[in-house]
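Participant: Okay, handing you the structure first.
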Amino acid sequence: QVQLAESGGGLVQAGGSLRLSCAASGSDFSINAMGWYRQAPGKQRELVAAITSGGSINYGDSVKGRFTISRDNAKNTVYLQMNSLKPEDTAFYYCHAEVVLGFDYLRSYDYWGQGTQVTVPS
């Protein structure tokens, strides 16, 4: 019922910036939270940033002060502004949404996008 469409990944030099977008589409759903996770080869998936429907924001320790998450509720879209990029930011970035379907508001469901590659050469 829910699809996530990601865009904005690519290759950027160290110190540069990228802006990722993720739009949720479908019918009969409400979003509890949306955010971004990333996974580099040989490493576990980690939280980058997430924002709840109430506006609470959590950042991973490694990106605090450099990345900013924001949302456009009317478009069911979240953005990740990535500044001062470092080689260690190189990873596959996945959009995530926690949603409620229909009137079943006591249970939430997790949806993941296909992911987008971010590469920062050293």
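Participant: Which one of K64, K75 is within 30 Å of S27 (Cβ to Cβ) and among the charged types (D, E, K, R)?
Facilitator: None of the others qualify; the one that does is K75.
Participant: Taking L106, is it out of contact with any Phe, Trp or Tyr (no Cβ under 8 Å at 6 or more places or on another chain) and surrounded by 11 or more Cβ atoms within 10 Å (Cβ to Cβ)?
Facilitator: Judged against the criteria, L106 is not a match.
Participant: Kindly list the number of the only condition in (1) in contact with a helix residue (DSSP H, G or I) (Cβ under 8 Å, 6 or more places away or on another chain); (2) more than 17 Å from V12 (Cα to Cα) that fails for K75.
Facilitator: (1)
Participant: Tell me whether the stretch 74-86 contains one or more residues that are closer than 17 Å to A49 by Cβ, under 16 Å from the mean Cα position of the chain (by Cα) and of a type in the set (D, E, K, R).
Facilitator: No, the conditions are met nowhere in the stretch 74-86.
Participant: Only residues that are assigned to a strand (DSSP E or B) and at pLDDT below 95: list them for the stretch 102-114, please.
Facilitator: none
The values are calculated or read from the model by the stated rules, or taken from the named source; none is laboratory data. Remember, predicted model here, so these are calculated numbers, not experimental data. A quick note on method: Cβ atoms are made from the backbone with ideal geometry, for glycine too, and the neighbour counts reach across all protein chains shown.
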